[in-house]
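The values are calculated or read from the model by the stated rules, or taken from the named source; none is laboratory data. As the structure is a prediction and not an experimental result, all values here were calculated from the model. Here the Cβ is made from the backbone with ideal geometry for all residues, glycine too, and neighbour counts use every protein chain on show.
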């Protein structure tokens, strides 16, 4: 955890401490893809290679990433059309 990632985590996952938010990288990146600013993502992309971004998309928990963000980040990952959004299993 760096001061930059801690600041971003505190802002986008405001309801838990940054250390808890960053303890699950896939969940953290799902929130980041949905709620981070362009500047935040520029910082995070310095630490997160494209392969990890794709993994975060593949394993994203349902209900975090909105449709527009899902389409955008899948396009950035080279996946067009985007696969279906994650769905909650009942």
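Looking at segment 22-35, is at least one residue part of a loop (DSSP other than H, G, I, E, B), buried (at least 18 other Cβ atoms within 10 Å of the Cβ) and out of contact with any strand residue (DSSP E or B) (no Cβ under 6 Å at 6 or more places or on another chain)?
no
If residue 1 meets every condition in (1) in contact with a helix residue (DSSP H, G or I) (Cβ under 7 Å, 6 or more places away or on another chain); (2) surrounded by 13 or more Cβ atoms within 10 Å (Cβ to Cβ) apart from one, which number is that one?
So the condition that residue 1 fails would be (2).
Checking the conditions here, which among 48, 26 is under 27 Å from residue 88 (Cβ atoms), in contact with a helix residue (DSSP H, G or I) (Cβ under 9 Å, 6 or more places away or on another chain) and at pLDDT below 95?
48
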